[in-house]
1. Please verify whether E54 is over 15 Å from A148 (Cβ atoms) and open to solvent by less than 40 Å² (accessible area, probe 1.4 Å), treating the condition exactly as stated.
2. Among the residues of segment 111-128, is there at least one that is under 25 Å from D191 (Cβ atoms), of a type in the set (F, W, Y) and open to solvent by 10 Å² or more (accessible area, probe 1.4 Å)?
3. Only one of A90, A169 is modelled with pLDDT under 95 and part of a helix (DSSP H, G or I); which?
4. Which residue out of A90, A105, A131 is closer than 19 Å to R181 by Cβ, open to solvent by less than 50 Å² (accessible area, probe 1.4 Å) and touching a Leu at 6+ places or on another chain (Cβ under 7 Å)?
5. Select from segment 66-83 the residues that are of a type outside the set (S, T, N, Q) and either under 22 Å from the mean Cα position of the chain (by Cα) or open to solvent by 30 Å² or more (accessible area, probe 1.4 Å) (or both) and list them in ascending order.
6. Just to be sure, is H142 in contact (Cβ under 8 Å) with a residue 12 or more places away in the chain, open to solvent by 50 Å² or more (accessible area, probe 1.4 Å) and in contact with a helix residue (DSSP H, G or I) (Cβ under 6 Å, 6 or more places away or on another chain)?
Amino acid sequence: MGPSISQLQALGIHTMIDALDERTVRTLLRELAPKAVDGYGTVCVCYEKLIEDERKRKARRKHAGDSWYVLNKKYKSSRGSVEYERAYDAKEEVDAYIASIEKQAHPDTSYGTKKSALETLRRIGKSIMLAPSTLGHEVIKHMQEDDALPNAMISILESMSVDERLRLADSSDEKGCFYDRVGELVADADDLCIFEELSSVVELLDGAVGSEEAGDGGEDGSDGE
């Protein structure tokens, strides 16, 4: 649940504006200028959305951590037979986290939310592939008949514009470029014979890259005005 109106008012307009990112501020100004709406109320709405997005981002990060815990700790046993019996339970728990993340990143959510969801899903995919011992082996076997993770990624990507997919493909952190890291995930999945639909994730990102190259050609004059 987000902050109440009284709580927002206590923060002060300047505090809320300072918390908003540049893109949101620009969007806000575009809305305010032609409509002459209540500026304070609009800032409150934007700030409340920021708080809600942050809450969901933390929830997604927790889902990634919870998935790792399920695959590495929760059902860990010195007896392989116990892990064998609980592997399907572990797989179902991870699938529930995947479904929750996909639900959070519905078509009307922001680029940032979708990007965060896709990054979290990639991390969960990596955790599945690296899961140790009998439990990990059996979970992977169950996942050979389950494309919930790549289907969730595809659903989110298809709700993004080409420009957003291009931006996502080029995004990077200290561990590398998102496009390259998805490529690594696909290679690992191929080795384990799971997540066949991950190739469609790469195709969607490839389509965005191809669009950029076409745009470059236009700027060089071949398709220019």
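1. On the way: over 15 Å from A148 (Cβ atoms): yes; open to solvent by less than 40 Å² (accessible area, probe 1.4 Å): no.
Spelling it out, it is not the case that E54 is over 15 Å from A148 (Cβ atoms) and open to solvent by less than 40 Å² (accessible area, probe 1.4 Å).
2. Taking segment 111-128 as the starting set, the residues that turn out to be under 25 Å from D191 (Cβ atoms) are 118-128.
Retained after the next criterion (residues that are of a type in the set (F, W, Y)): none.
No: segment 111-128 contains no residue that is under 25 Å from D191 (Cβ atoms), of a type in the set (F, W, Y) and open to solvent by 10 Å² or more (accessible area, probe 1.4 Å).
3. Details: A90 fails: modelled with pLDDT under 95.
Only one candidate qualifies: A169.
4. The conditions single out A131.
5. Narrowing segment 66-83 to residues of a type outside the set (S, T, N, Q): 66, 68-71, 73-76, 79-80, 82-83.
D66, W68, Y69, V70, L71, K73, K74, K76, R79, G80, V82, listed by residue number.
6. Working: in contact (Cβ under 8 Å) with a residue 12 or more places away in the chain: yes; open to solvent by 50 Å² or more (accessible area, probe 1.4 Å): yes; in contact with a helix residue (DSSP H, G or I) (Cβ under 6 Å, 6 or more places away or on another chain): yes.
Yes.
The values are calculated or read from the model by the stated rules, or taken from the named source; none is laboratory data. What you are looking at is a predicted structure, and each value in this text was computed from that prediction instead of being measured. Positions of Cβ are generated from backbone atoms using ideal geometry, with glycine treated the same way; all protein chains shown enter the neighbour counts. The accessibility values were calculated without ligands, DNA or RNA, using every heavy atom of the protein model including side chains. Shrake-Rupley method; radii C 1.70, N 1.55, O 1.52, S 1.80 Å.
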